[in-house]
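Have a look at the structure below before the remarks.
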Amino acid sequence: MSMNDDRCVDSNGHPERYQQVDYSKWILHLLTWDGLVTAMMLSLPFLVRRFGPPNNDRFLVMVVVAALIVGVLVRFSLGMRHVRSNYCREGVKLLQRAGLLSMISLLVLVETLLCVIPPAGLKGPDFVFFAVLGAAYLGVMAFVLYPGRREFRSSDCNQ
């Protein structure tokens, strides 16, 4: 590390051992992929009931199942790619994979419930239940998407 290179030193001028995590990028990724995209997927049964053919449950089931299959495959592949590329230890990566699979299962369960329950059948306690599930989902997905802190190599600081 050169004397004029301050990319790899802390506020005291000592070499850092770990790279800082970009928290804003991490939270933005969480809110977009697991906030907006999930909200759009979960609103699909309501949108199909509202704008689709009236009293056509076969169409509702076909559209929601097709969207679920595509959504699960995309979420699984992107999530696993993210877990493989992060800087966490293998034990943490194993927990992240388990969290990803359990949250995908939770989304499938919630989507199924939203197809079975008519929109007029949702009451106040149902919204609280779904809000608690949503908060738990975002909490687990924050752990799953944690990028980890990469340890600096001396070559990182010499550039």
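Pairs are defined by a Cβ separation below 9 Å, a sequence spacing of at least 6 or placement on different chains, a first member in segment 20-40 that is among the hydroxyl-bearing types (S, T, Y), and a second member that is surrounded by 12 or more Cβ atoms within 10 Å (Cβ to Cβ); the pairs so defined are T38/G71; T38/R75; T38/L107; T38/G134; T38/Y137; T38/L138; T38/M141. Selection of segment 80-104 for residues being modelled with pLDDT under 90 and surrounded by 15 or more Cβ atoms within 10 Å (Cβ to Cβ) yields H82, N86, Y87, C88.
Could you please let me know if A136 is assigned to a helix (DSSP H, G or I) and either modelled with pLDDT under 70 or under 17 Å from the mean Cα position of the chain (by Cα) (or both)? Even if it seems obvious, please write down each step before you answer.
On the way: assigned to a helix (DSSP H, G or I): yes; either modelled with pLDDT under 70 or under 17 Å from the mean Cα position of the chain (by Cα) (or both): yes.
For A136, the condition - assigned to a helix (DSSP H, G or I) and either modelled with pLDDT under 70 or under 17 Å from the mean Cα position of the chain (by Cα) (or both) - is met.
Residue-wise test of (1) among the hydroxyl-bearing types (S, T, Y); (2) free of Cβ contacts under 8 Å to residues at least 12 places away in the same chain; (3) in contact with a Leu (Cβ under 6 Å, 6 or more places away or on another chain); (4) under 18 Å from A136 (Cβ atoms).
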position: R58; (1), (2), (3), (4): no, yes, no, no
position: Y87; (1), (2), (3), (4): yes, no, no, no
position: K93; (1), (2), (3), (4): no, yes, no, no
position: I104; (1), (2), (3), (4): no, no, no, yes
position: L113; (1), (2), (3), (4): no, yes, no, yes
position: I117; (1), (2), (3), (4): no, yes, no, no
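The values are calculated or read from the model by the stated rules, or taken from the named source; none is laboratory data. Fair warning: this is a prediction, and the values are worked out from it, not measured in the lab. A quick note on method: Cβ atoms are made from the backbone with ideal geometry, for glycine too, and the neighbour counts reach across all protein chains shown.
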